[in-house]
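Below is one structure, written out as structure tokens, with a few remarks after it.
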Amino acid sequence: MMVMPTGASHVLLVLLLCWVAPSRQEVARVQLRLGGPRGPAGEGRLEVLYQGRWGTVCDDDFDFHAATVACRQLGYTAAITWTHSATYGQGEGPIWLDNVRCGGSEGSLAECVHNGWGISDCHHGEDAGVVCSGQRLPDSSPQATTSGHLREVLGLTLEEVRLKPILARAKLSMPVMEGAVEVKHNGHWRQVCDANWSRNNSHVVCGMLGFPREKHINTTFYRKLWNRKLKDPNSSLKTLSQKNNFWVHKVRCQGSEPHLARCPMQVDPPVPHQHACPHGMHAIVSCLPGPAFQKGKGKNKTAPGKVSPCRVLPVRLRAGTHAGEGRVEVLRHGQWGTVCDKQWDLAAASVVCRQLGYGTAKQALVGARMGQGLGPIHMSNVQCTGHERSLGECRFQDAEQSGCRHEADAAVRCHMPFMDFKSQVRLAGGRNPEEGVVEVLVPVQGRLQWGSVCGAQWGLNEAMVVCRQLGLGFASHALQETWYWAGSPDASRVVMSGVRCAGTELALQQCQRHGPVHCPSGGGRFSAGVTCTAYAPDLVMNAQLVQETAYLEDRPLGLLYCAHEERCLSRSADNMQWPYGHRRLLRFSSQIHNLGRADFRPRMGRHAWTWHQCHRHFHSIEVFTHYDLLTLNGSKVAEGHKASFCLEDTNCPEGLQRRFACANFGEQGVSVGCWDTYRHDIDCQWIDITDVPPGSYTFQVVVNPKHEVAESDFSNNVMRCKCKYDGQRVWMHGCHTSDAYGADVVSDLERRERLANNLV
């Protein structure tokens, strides 16, 4: 036994007490608030007051448990979700907390594990936000709660909802659409008592699970099964059902809530020592899937219900990283346009999600978080009750009256049904989880087997589907040969070939492919591969500028030597007596905007650019745009092309710095939000129509025609105009991008390409 001096023992005792019982003073000084654009109560950027200064929280390691602690500390019943990447705008001041890791039961965010106050490697573009459920609790304030208050709040916590399939057909269904409702409360799953269970409750549950609507269900058979299990001596149901911690009861939803946690409910029994669900059983819910998740996809469309046709505004999502998310666009007055984020909230976002065949909204995003649109802004100050079947039924103002700009375009993230698609594909051999050889799980001779995909005909559309299926965003590269990536030993066999995707499928298994596998290259190093990225550019042509700048020029051959060398003239120019004569050129200016969330960069590095001596510049992309003149039935009568003479930021909006310039062999590209302009007087900025007879035509421009560089949306890369030529003058009118009026131009181009390559 070691004896210590009395003074030393006192010091050690004090140190031990300090270590065992951490001070609560620091926790008591910490306050929270929600910042960012004005929105519904309970959601915003998370801000912390420490040492008299407000600061933010970094999204690194931030998760649902941390959001739950923050929402309780703010005085709300629970958390619905959390947001990353400064969804509610970038904050100011210090970033007080980083790598926050909570268990979920802490009384304050300061009690969670973190790097230390003010110790962070983040920037304000990584500010975390939260979406809290319900109203503030009585007498609550956005400060650290006491332990007693914490227990009171914990009694109302609802974390997740799921359906437990009961019948055999429901167990085999994917997604699970029918079963007993179970809720996760304090880390444990509970049944929900069916006493006074309403269809409104079912509507909210189905929305959370990614389904637009619920279906009426006869529970008589389920009641018989329940009673049979209660009488079965080998079943533990009777014992479990008599325990109060088995039930959640008295759920009372209005049907418009985006989350079950926003519905009044009880967890503790109404009367102490009384059965929580007397004479009841578990609540049963049956949901209706949206069109994308129905068998025989595309054949059955969910009816919009009894809605006035004039109030059904078609909606779509653009530029989302994952399925079920994106910038909200509506078709109004015959043209697609965006929605301003003034008063944009979960109720309006949920109407959009359900209208598209998804569930309720997980997030209502503001500040153009999914990129800026181009064209009209149709709606502002949208106010929905949550019961509407279409966004057109909600109250709104014309955006022209509100002064909105595209920096305020609204976006959504929707609840999606769990399809387990992610487990059916994987990437192998890459340097990181975002790249590798594509391996798929498919039935082979009656059993599921992993295998590779034939690299022949593999392109960006197919790669896009794989990246989306894995939850990795967009494809940046599609590889037909994977020499440097070793696939898995158990997936060496080629099990899929001739894959052709539209790019919108949710899984590679939904794409067209060969019946019997046919891969002459034999797979191996000729297997398909992908590289994925969270963000991608999106190029869109300014159609109005083309319409305003088009004109004819008879240009002498003596001025066209360089253009002829770069194949910018029709073939008949080869037979002319150079330099005598001229060519008739349809000239115009083009302005190409990058509306995506990543810079548009050439696929090739500077070392691989091609030097053209005649024009004395480098081509970073050999064919950047295609120009075509078509007859009204689609036959091509004249064509042109534009190499990337110089991809640069010609102009950027106020507040954005030009980053790409071609001078002095500089870096080429188009920054996010900026545009590249090719003036009408630049060589090859034309179509040679010398041999075209007078008549009515369609003028077409395709940007990035060979999909050399990945984009988040290829449907807006085509621009078309109506063109009338009388032999001396030309009129261009009705110019629009291919998706501006719902025209299915990309599909038309795809069909022609398939015919040309005998791929029908």
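The values are calculated or read from the model by the stated rules, or taken from the named source; none is laboratory data. In this text the structure is predicted, and so the values were computed from the model without any measurement. As a convention, Cβ positions derive from the backbone with ideal geometry for all residues, glycine included, and neighbour counts pool all protein chains shown. For the accessible areas, the whole protein counts, side chains as well, though only heavy atoms, and no ligand, DNA or RNA atoms are used. Shrake-Rupley method; radii C 1.70, N 1.55, O 1.52, S 1.80 Å.
Observations
- Of the listed requirements (1) open to solvent by less than 10 Å² (accessible area, probe 1.4 Å); (2) in a strand (DSSP E or B); (3) within 25 Å of residue 537 (Cβ to Cβ), residue 427 misses just one: (1).
Matching residues to (1) β-branched (Val, Ile, Thr); (2) modelled with pLDDT of 55 or more; (3) more than 18 Å from residue 120 (Cα to Cα); (4) in contact with a Phe, Trp or Tyr (Cβ under 8 Å, 6 or more places away or on another chain):
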{"position": "3", "(1), (2), (3), (4)": "yes, no, yes, no"}
{"position": "14", "(1), (2), (3), (4)": "yes, no, yes, no"}
{"position": "19", "(1), (2), (3), (4)": "no, no, yes, no"}
{"position": "22", "(1), (2), (3), (4)": "no, no, yes, no"}
{"position": "44", "(1), (2), (3), (4)": "no, yes, yes, yes"}
{"position": "63", "(1), (2), (3), (4)": "no, yes, no, yes"}
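- Single residue of the stretch 449-470 satisfying the filter (part of a loop (DSSP other than H, G, I, E, B) and open to solvent by less than 40 Å² (accessible area, probe 1.4 Å)) that is farthest from residue 598 (Cα to Cα): 455
- Count of residues meeting criterion [part of a loop (DSSP other than H, G, I, E, B) and touching a Leu at 6+ places or on another chain (Cβ under 9 Å)] in the stretch 438-448: 0
- Qualifying position, being within 20 Å of residue 44 (Cα to Cα) and modelled with pLDDT of 85 or more, among 86, 144, 78, 128: 128
- Any chance residue 350 is touching a Ser or Thr at 6+ places or on another chain (Cβ under 7 Å) and of a type in the set (Gly, Ala, Ser): yes
- Hits in the stretch 524-559 (condition: open to solvent by less than 30 Å² (accessible area, probe 1.4 Å) and free of Cβ contacts under 8 Å to residues at least 60 places away in the same chain): 557
- Residues of the stretch 352-372 that are within 21 Å of residue 88 (Cβ to Cβ) and either β-branched (Val, Ile, Thr) or more than 13 Å from the chain's Cα centre (by Cα) (or both): 352, 360, 366, 367, 372.
- The stretch 209-259 - residue that is among the β-branched types (Val, Ile, Thr) and either in a loop (DSSP other than H, G, I, E, B) or modelled with pLDDT of 80 or more (or both) and, of those, least open to solvent (accessible area, probe 1.4 Å): 251
- Among the residues examined, residue 180 qualifies as small (Gly, Ala, Ser), under 32 Å from the mean Cα position of the chain (by Cα), assigned to a strand (DSSP E or B) and in the same structural domain as residue 253 (by the TED database).
- Looking only at the stretch 193-202, and only at residues there that are crowded, with 20+ Cβ neighbours inside 10 Å and in contact with a Cys (Cβ under 7 Å, 6 or more places away or on another chain), the one that is nearest to residue 260 (Cα to Cα): 201
- Filtering the stretch 317-362 to residues that are of a type in the set (Phe, Trp, Tyr) and open to solvent by less than 30 Å² (accessible area, probe 1.4 Å) leaves only 344.
- Residues (open to solvent by less than 80 Å² (accessible area, probe 1.4 Å) and either touching a residue at least 60 places away in the same chain (Cβ under 8 Å) or not assigned by the TED database to the domain that holds residue 495 (or both)) located in the stretch 506-523: 506, 507, 508, 509, 510, 517, 519, 521, 523
- Any hit, the stretch 49-60, residues being over 21 Å from residue 369 (Cα atoms), modelled with pLDDT of 70 or more and either of a type in the set (Val, Ile, Thr) or under 24 Å from the mean Cα position of the chain (by Cα) (or both): no
- Hits in the stretch 363-379 (condition: closer than 26 Å to residue 128 by Cα and either modelled with pLDDT of 90 or more or open to solvent by less than 30 Å² (accessible area, probe 1.4 Å) (or both)): 363, 364, 365, 366, 368, 370, 371, 373
Yes or no, residue by residue, for (1) β-branched (Val, Ile, Thr); (2) in contact with a helix residue (DSSP H, G or I) (Cβ under 7 Å, 6 or more places away or on another chain); (3) in contact (Cβ under 8 Å) with a residue 60 or more places away in the chain:
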{"residue": "382", "(1), (2), (3)": "yes, yes, no"}
{"residue": "386", "(1), (2), (3)": "no, yes, yes"}
{"residue": "393", "(1), (2), (3)": "no, yes, yes"}
{"residue": "398", "(1), (2), (3)": "no, no, no"}
{"residue": "444", "(1), (2), (3)": "yes, no, no"}
{"residue": "473", "(1), (2), (3)": "no, yes, yes"}
{"residue": "476", "(1), (2), (3)": "no, no, yes"}
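- Test: residue in the stretch 569-579 that is modelled with pLDDT of 90 or more, more than 31 Å from the chain's Cα centre (by Cα), crowded, with 16+ Cβ neighbours inside 10 Å and among the hydroxyl-bearing types (Ser, Thr, Tyr): no
- The single condition among (1) open to solvent by less than 20 Å² (accessible area, probe 1.4 Å); (2) free of Cβ contacts under 8 Å to residues at least 60 places away in the same chain; (3) under 19 Å from residue 133 (Cβ atoms); (4) not charged (D, E, K, R) that residue 97 does not satisfy is (3).
- Residue check for residue 151: at pLDDT below 80, in a loop (DSSP other than H, G, I, E, B), closer than 21 Å to residue 264 by Cα and charged (D, E, K, R): no
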